[in-house]
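The values are calculated or read from the model by the stated rules, or taken from the named source; none is laboratory data. Computed from a prediction, not measured in an experiment: that's the story for all the values here. In this analysis, Cβ positions are derived from the backbone assuming ideal geometry, glycine residues included, and neighbour counts consider all displayed protein chains. For accessibility, only protein heavy atoms count, side chains too; no ligands or nucleic acids. Shrake-Rupley method; radii C 1.70, N 1.55, O 1.52, S 1.80 Å.
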Amino acid sequence: MRGYVKELYDKLSGKYSWEREFLQAVSEVLGSLNPLMEREPRYRKHRVLERLVEPERTIIFRIPWIDDHGGIQVNSGYRVEFNNALGPYKGGMRFHPSVNLSILKFLGFEQIFKNSLTGLSLGGAKGGSDFDPKGKSDNEVMRFCGVLMDELYRHIGPNTDVPAGDIGVGGREIGYLFGRYKKLKNTFEGTLTGKGLGWGGSLIRPEATGYGTVYFASAMLSAHKNSIEGKRVLISGSGNVAQFVAEKILDLGGKPVSFSDSNGSIIDTDGITRAKLSWVMELKNQLRGRISEYSKEFGAKYYEGKRPWGLTEAEIAIPCATQNEIGRDETRALIDNGCICVVEGANMPTEPTAVEMLHDAKVLFGPGKAANAGGVAVSSLEMSQNSMRLSWTREEVDRRLQIIMKDIHTSCLSAARDMGVGDDYVTGANIAGFRKVADAMIDQGVV
Ligand code: NDP
Ligand code: 2IT
């Protein structure tokens with residue numbers, strides 16, 4: 001980073017010095033924008049960047065709830081409404097003990113550019129709580145979601161802000177959140193996405209992030225005269241995104257060889273078959289068990305406390321757990337074990353120095369804001385279906401998802417080539433995502 005964007009970044013990092021993840025996300029975007037700022041001075045004149053790095057609104061609230069033993073628990077709730085230049089605020093809710101304002105600001109900031117890349121009318125937001133759903137009963141999760149919504153409902157709406165899922169928030173949580181929202185507002189409307197299929201949800205929404213990430217990987221490989229077929233694929237996480245990445249890899253003839261969770265990783269060099277995958281889906285989605293149980297069931301090796309990178313040879317790596325889960329040593333191990341392509345299913349899973357190493361080693365790198373945009377894209381298709389009061393078929397939604405992912409890939413590559421940085425997808429995604437939002441902000445004046 002240098003010049004004007006560096007000055008801006010230094011100011012921001014002085015003001016929010018403790019917001020490590022947020023500053024990391026901003027630094028990555030600003031690092032790509034310098035040449036564009038020099039080429040098109042109007043962005044600087046209108047102080048678009050200064051405005052973009054401040055959320056339009058941040059709501060922080062208390063969530064007191066009663067546990068199964070009659071005890072009073074207290075959590076923090078957040079919604080960061082970052083930017084609505086392109087459409088209603090849109091982005092997921094994360095429930096995880098690590099959640100704080102820095103993490104939600106990083107996710108909300110990324111979401112602005114991701115949503116812009118989809119080509120759909122979506123602003124950027126993120127929210128969540130430091131509530132830990134692990135080990136809680138369904139009734140506890142329901143009571144917690146109810147109290148969270150007692151505050152959140154006044155800030156959201158189908159044309160205002162439309163939350164969805166993220167880590168720790170799946171179909172069960174969206175159901176409880178929607179139930180309370182509907183009761184409080186006395187209106188049945190599409191204010192949340194990821195809803196159940198019987199009550200306004202869209203086919204393919206659960207699959208969309210994972211499928212979309214693999215469609216993006218496939219487009220990257222095909223632009224470089226390669227494909228997924230026959231490739232071994234390391235996957236981290238074993239939740240929503242990881243499961244459907246594995247399913248689509250199998251559809252396209254690849255071989256998933258790992259899963260992980262916050263306790264450790266399993267490596268299955270025989271390959272995770274469809275039968276093993278459906279066992280994992282039941283383990284994680286119904287029984288809410290640990291991935292270590294996979295090794296007891298199928299005899300694969302379990303590595304306690306380790307992430308899967310470089311634990312076995314593989315051509316492709318798709319991180320699908322959380323931020324900063326691939327560091328320098330792991331990147332070295334990936335490269336030494338034959339990795340040619342890293343695609344981010346998770347948000348910001350690769351540390352900045354690791355991204356540099358991948359670029360230097362000419363490993364293809366697909367950044368999350370482009371690669372995992374299929375989830376929010378199908379959320380937007382869910383909103384469209386809700387507005388029209390109809391439901392598209394599985395084939396129709398999947399067809400649209402494939403087109404959107406292909407278009408995102410093309411936008412990233414053409415923005416990168418336009419800036420003379422070859423196939424640097426990070427620069428491409430940041431510039432293509434930024435331009436649309438920045439132009440809209442200029443058109444709409446200083447608001
Ligand atoms: P889930 O809650 O379904 O799964 C998360 C998985 O990641 C679990 O296996 C979890 O393990 C693991 N994990 C979470 N936090 C950590 C941690 N701190 N360290 C190690 N492992 C961890 O979430 P999703 O699959 O929905 O989300 C995964 C990633 O994808 C996130 O980065 C999310 O922001 C991103 N994403 C999700 C989208 C969606 O539509 N759901 C859309 C776009 C991106 P454990 O069970 O032990 O906690
Ligand atoms: O990070 C993400 O894009 C999501 N968690 C999905 C957001 C959404 O609104 O579907």
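Laid out as a table, the results:
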item: Rel. contact order, % - alpha carbon contacts under 8 angstrom, at least six apart, the range 1-55; result: 40
item: ³J(HN,Hα), Karplus 6.51/-1.76/1.60, whole Hz, each residue of the range 189-200, x for Gly, Pro; result: 9, x, 7, 10, 10, x, 6, x, 5, x, 9, x
item: Accessible area of the chain divided out per residue, in Å², using a probe of 1.4 angstrom; result: 40
item: Accessible area of the chain belonging to carbon and sulfur atoms, whole % at 1.4 Å probe; result: 49
item: Residue-count net charge about residue 228 - beta-carbon cut-off 12 Å; Lys, Arg +1, Asp, Glu -1; result: +1
item: With all protein chains modelled, accessible area of residue 339 [1.4 Å, Å²]; result: 10
item: For residue 439, solvent-accessible area (1.4 Å; no DNA, RNA or ligand), Å²; result: 50
item: Globularity index of the chain, i.e. its alpha-carbon radius of gyration over 2.2 N^0.38 Å; result: 0.93
item: Within a Gaussian network of the chain (alpha carbon springs, distance under 10 Å), most fluctuating of 171, 14, 230; result: 14
item: Positive minus negative residues near residue 380 (Lys, Arg vs Asp, Glu; Cβ under 13 Å); result: +3
item: Neighbourhood net charge (11 Å Cβ-Cβ; Lys/Arg +1, Asp/Glu -1) for residue 331; result: -4
item: The chain, relative contact order in percent, only Cα pairs under 8 angstrom and at least six apart counted; result: 15
item: Sum of -39500 (n - 2.57) over DSSP H runs of 4+, divided by residues of the chain (222 nm, nearest 500); result: -15000 deg cm²/dmol
item: Whole-angstrom gap from the range 326-397 to the range 148-217, using each part's C-alpha centre; result: 21
item: Max mean-square fluctuation residue, GNM over the chain, Cα-Cα springs under 10 Å, options 53, 421, 214; result: 421
item: Descending semi-axes in whole angstrom, ellipsoid equivalent of the range 1-104, from the Cα gyration tensor; result: 35, 15, 10
item: Inter-centroid distance (Cα atoms) of the range 252-302 relative to the range 21-45, Å; result: 40
item: The range 32-183 - percent relative contact order, Cα under 8 Å, separation 6 or more; result: 25
item: Interchain or long-range residues, amide H under 5 Å from residue 90's placed H; result: 123, 124, 125, 162
item: Interchain or long-range residues, amide H under 5 Å from residue 165's placed H; result: 93
item: Of 57, 143, 290, the one that fluctuates the most in a GNM where the chain has Cα springs shorter than 10 Å; result: 57
